[in-house]
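Report on the structure given below.
The values are calculated or read from the model by the stated rules, or taken from the named source; none is laboratory data. Quantities reported herein were computed from a predicted structural model and do not represent experimental measurements. Virtual Cβ from ideal backbone geometry, glycine too; neighbours counted across all protein chains shown.
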């Protein structure tokens, strides 16, 4: 689900929940969402039946944005180009959505039913698809010598989790280009900056 397909009211609600997720100290309620959006509780219920449905919609948005780039046709694409596109998309997403970066790490997973399981499944799907891209790259001779697709997946995923943690906790972070350079050198064997 893309944000462009949502009504303005639903979009405002999801943005409010994303903002509320940035503060780990308080439980998210319909009343807090309504207060953030500057509407009544009843107005929230006109768009969503429950908090569970709001979180389901928010997770669908995350899934679309985090799985979408992995599902693109990879024929004719070099592994380095494909992985850099995915990496840049993820960095933009995590930096642009601090509340969702927190949810990506599992914070807020108890806010609504099924959230923890969907986050777990999202991670499993992402890891599996990254590994598949790297397996294809290995078959094409596009991985560094001695690096397996599974090891490359661990390194790539470690960079994502580290970026999310830096975003959530305000940790110092290596610039995105430096992160990509480290991954491309160790996993893809590239010794120059990728374009």
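The rows are residues; the columns are (1) under 11 Å from residue 79 (Cβ atoms); (2) at pLDDT 90 or above.
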| position | (1), (2) |
| --- | --- |
| 131 | no, yes |
| 134 | yes, yes |
| 141 | yes, yes |
| 147 | no, yes |
| 179 | no, no |
| 182 | no, no |
| 195 | no, no |
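Residues being surrounded by 14 or more Cβ atoms within 10 Å (Cβ to Cβ), touching a helix residue (DSSP H, G or I) at 6+ places or on another chain (Cβ under 6 Å) and within 24 Å of residue 49 (Cα to Cα) are represented in segment 113-121 by at least one member. Could you look through segment 162-184, keep only residues that are surrounded by 14 or more Cβ atoms within 10 Å (Cβ to Cβ) and free of Cβ contacts under 8 Å to residues at least 60 places away in the same chain, and pick out the one that is farthest from the chain's Cα centre (by Cα)? Among residues in segment 162-184 that are surrounded by 14 or more Cβ atoms within 10 Å (Cβ to Cβ) and free of Cβ contacts under 8 Å to residues at least 60 places away in the same chain, the one farthest from the chain's Cα centre (by Cα) is 181. Going by what's in this entry, would residue 66 be described as outside any loop (DSSP other than H, G, I, E, B), modelled with pLDDT of 90 or more and more than 29 Å from residue 180 (Cα to Cα)? When the stated conditions are applied, residue 66 does not pass them.
Looking at this structure, is residue 186 in a helix (DSSP H, G or I) and at pLDDT 90 or above?
Judged against the criteria, residue 186 is not a match.
Taking segment 4-39, which residues are in a loop (DSSP other than H, G, I, E, B) and touching a helix residue (DSSP H, G or I) at 6+ places or on another chain (Cβ under 6 Å)? 22, 28, listed by residue number.
Being out of contact with any helix residue (DSSP H, G or I) (no Cβ under 9 Å at 6 or more places or on another chain) and either surrounded by 14 or more Cβ atoms within 10 Å (Cβ to Cβ) or farther than 30 Å from residue 8 by Cβ (or both) is a description that does not apply to residue 49.
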